[in-house]
Amino acid sequence: MATVTRAGSAPAERRLSLHTFSAFKSRNFALLWGNNMTFALSQSVRQFAFTWLALELFSSGKALGLIIFALGLPILVFGLPAGALADRIDRRLLLFASQVGGFVVTLLTAVLVWTGVMTVPLTMVMALALGATVAFGQPVRVAIVPSLVEPSRLLNAVTLMSLSQNVSMIAGPAIGGVMIAIGGVGAAFAGQSVLLGIGLIALLPMRVPAIDRAGQQRHMVAEVREGLAFVVGHPGIRTLMLVLMTTALVMAGTFMTLLPKIAKEDLEIGALETSLFFTAMGVGMLMSSLLLASFSRLDRAGLWFIVTLISGGVLNAAFGVSLWYVASLAIMFATGWNAGFFTNLNLTLIQANTPHVVMGRVMSIYTLAMAGGMPLGGLLAGLMSDAWGSREWFVACGLSLVAVGIAVLLTQPSLRHMRSSGGTGS
């Protein structure tokens, strides 16, 4: 990747160096990063464990889609109010409470699996409860980042936060696969509770600057409306949110729901081999995120983002037609490499152009678009898998993303010129 620099400006950093980790100079950011690392690892294990539990309890694509939908439904319901809370109360306290809730729910799920009493209704209840903890915790976890680093280090900080998720994507499914192979699905849920407990330790010494909102607080509905109005009124951010929602609907939900199904039924592989798909994707994301972190800025970040949208659709379709395990593994690595640029640029562009006073609400909309779209996409993927076929749906989703990407490229000039440091360039 290259950057377009303005006359008189210093060239962006392009090599792996100490600059790649400059955001760690902030002690509070380092603590948040540690918390995010354990949370993301737990999330990665959780998604794989719930999917495999569903495969053991059910057999249809519809049932798998319902489980994914239950995990994400609370984000659809509570996402916007959670963002308003993040702009009202102590963000650190809200984050701590949500993670304690996650610890309790995952431990209880492990007990239910171990005692052999897990049923379809109980699985849905546990998925809904765990999704609720994410709905209240994830927006504030993301909203805190810009307040802990200087604006010039925002791209670096966002990318480093993504790195923790990339590492978790590498290790999480593999850890989950090993736990399931050795101790069953219950062990995977117990492992999640341990990770969440470790993450709580990092939150104890962390300090988050308070947002000065003296005289600004209004009724929560009005504040939610204000956050929505800001997103709708900003052409670039509006497009970024719509693209993120579309990608979650037709790509993320499809991967989470149908990839394990294709692996088990079409490729005839087990939990450990399936987990390597997610590991390969995580390795790709880790490598591209490290590369992106070495840049101090990208003056045409919006254009590069659109390029990753189009290439992501091509890779999605390629996975749908792949008939061999090794080829599918290579496609997942390439998908991860591309996704590292896509996710980091999307979030950086949104945060760089959002005032701190509405950051919590905007990040709740971001979480709603990203995580809220996935359960709907998962439910749709499950239904289409039964009606049409898993591989066929993968191809259709990939081609639709290519079409969306081309349309955005041709019709959204403001997004094409957005910079990673905020604003637009010529």
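The values are calculated or read from the model by the stated rules, or taken from the named source; none is laboratory data. All figures in this text were calculated on a predicted structure; none of them were measured in a lab. All Cβ positions, glycine included, derive from the backbone under ideal geometry; neighbour counts span all protein chains shown. Note: accessible area is taken over every heavy atom of the protein model, side chains too, but ligands, DNA and RNA are not part of it. Shrake-Rupley method; radii C 1.70, N 1.55, O 1.52, S 1.80 Å.
Name the residue that is nearest to the chain's Cα centre (by Cα), counting only residues in the stretch 164-184 that are at pLDDT 75 or above and open to solvent by 10 Å² or more (accessible area, probe 1.4 Å).
ILE175
Of the residues ALA110, ALA84, ALA143, only one is open to solvent by less than 10 Å² (accessible area, probe 1.4 Å), within 30 Å of LEU292 (Cα to Cα), aliphatic (A, V, I, L, M) and in contact (Cβ under 8 Å) with a residue 24 or more places away in the chain; which?
Numbers: ALA110 fails: within 30 Å of LEU292 (Cα to Cα); ALA84 fails: within 30 Å of LEU292 (Cα to Cα).
After ruling out the rest, the residue left standing is ALA143.
Would you mind telling me which numbered condition in (1) surrounded by fewer than 23 Cβ atoms within 10 Å (Cβ to Cβ); (2) part of a helix (DSSP H, G or I); (3) out of contact with any helix residue (DSSP H, G or I) (no Cβ under 6 Å at 6 or more places or on another chain) LEU286 fails?
The failed condition is (3).
Of the residues LEU93, LEU41, LEU55, LEU122, which is part of a helix (DSSP H, G or I), more than 29 Å from GLY183 (Cα to Cα) and either touching a residue at least 24 places away in the same chain (Cβ under 8 Å) or not acidic (Asp, Glu) (or both)?
The unique qualifying residue is LEU93.
Is there a residue being at pLDDT 80 or above, more than 21 Å from GLN43 (Cα to Cα), of a type outside the set (Gly, Ala, Ser) and open to solvent by less than 30 Å² (accessible area, probe 1.4 Å) anywhere in the stretch 227-234?
Yes, there is a match, as at least one residue in the stretch 227-234 is at pLDDT 80 or above, more than 21 Å from GLN43 (Cα to Cα), of a type outside the set (Gly, Ala, Ser) and open to solvent by less than 30 Å² (accessible area, probe 1.4 Å).
What tally of residues in the stretch 244-278 results from selecting those that are open to solvent by less than 10 Å² (accessible area, probe 1.4 Å), more than 30 Å from MET363 (Cα to Cα) and out of contact with any Ser or Thr (no Cβ under 7 Å at 6 or more places or on another chain)?
Residues in the stretch 244-278 being open to solvent by less than 10 Å² (accessible area, probe 1.4 Å), more than 30 Å from MET363 (Cα to Cα) and out of contact with any Ser or Thr (no Cβ under 7 Å at 6 or more places or on another chain): 1 in total.
Can ILE306 be described as within 23 Å of LEU383 (Cβ to Cβ) and in contact with a Lys or Arg (Cβ under 8 Å, 6 or more places away or on another chain)? Step through it out loud before you land on a result.
On the way: within 23 Å of LEU383 (Cβ to Cβ): no; in contact with a Lys or Arg (Cβ under 8 Å, 6 or more places away or on another chain): yes.
Considered against the rule, which asks whether it is within 23 Å of LEU383 (Cβ to Cβ) and in contact with a Lys or Arg (Cβ under 8 Å, 6 or more places away or on another chain), ILE306 comes out as no.
Please verify whether GLU223 is at pLDDT 75 or above and open to solvent by 20 Å² or more (accessible area, probe 1.4 Å), treating the condition exactly as stated.
No; evaluated as a whole, the condition is false for this residue.
Counting only residues that are part of a helix (DSSP H, G or I) and surrounded by fewer than 23 Cβ atoms within 10 Å (Cβ to Cβ), how many does the stretch 380-389 have?
5
Give me a count of the residues in the stretch 324-354 that are without any contact (Cβ under 8 Å) to a residue 24 or more places away in the chain and either surrounded by 21 or more Cβ atoms within 10 Å (Cβ to Cβ) or within 23 Å of VAL250 (Cβ to Cβ) (or both).
Summing the residues that are without any contact (Cβ under 8 Å) to a residue 24 or more places away in the chain and either surrounded by 21 or more Cβ atoms within 10 Å (Cβ to Cβ) or within 23 Å of VAL250 (Cβ to Cβ) (or both) in the stretch 324-354 gives 2.
Give the stretch 10-65 a look and list any residue that's open to solvent by 20 Å² or more (accessible area, probe 1.4 Å), modelled with pLDDT of 80 or more and among the aliphatic types (A, V, I, L, M), or say none.
ALA30, LEU31, MET37, LEU41 - these are the residues of the stretch 10-65 that are open to solvent by 20 Å² or more (accessible area, probe 1.4 Å), modelled with pLDDT of 80 or more and among the aliphatic types (A, V, I, L, M).
Just need a number here: residues in the stretch 289-319 that are of a type in the set (S, T, N, Q), open to solvent by less than 20 Å² (accessible area, probe 1.4 Å) and over 29 Å from ILE180 (Cα atoms).
Qualifying residue count for the region: 3.
For the stretch 277-318, enumerate the residues that are within 21 Å of THR348 (Cα to Cα) and of a type in the set (S, T, N, Q).
Across the stretch 277-318, the qualifying residues are SER288, SER289, SER294, SER296, THR308, SER311.
So LEU376 ticks every box in (1) surrounded by 22 or more Cβ atoms within 10 Å (Cβ to Cβ); (2) under 17 Å from the mean Cα position of the chain (by Cα); (3) not basic (Lys, Arg) but one. Which box is left unticked?
Going through the list (1) surrounded by 22 or more Cβ atoms within 10 Å (Cβ to Cβ); (2) under 17 Å from the mean Cα position of the chain (by Cα); (3) not basic (Lys, Arg), LEU376 breaks only (1).
Checking VAL357 against (1) in contact with a helix residue (DSSP H, G or I) (Cβ under 8 Å, 6 or more places away or on another chain); (2) touching a residue at least 60 places away in the same chain (Cβ under 8 Å); (3) open to solvent by 10 Å² or more (accessible area, probe 1.4 Å): exactly one of these is not met. Which one?
Of the numbered conditions (1) in contact with a helix residue (DSSP H, G or I) (Cβ under 8 Å, 6 or more places away or on another chain); (2) touching a residue at least 60 places away in the same chain (Cβ under 8 Å); (3) open to solvent by 10 Å² or more (accessible area, probe 1.4 Å), the odd one out for VAL357 is (1).
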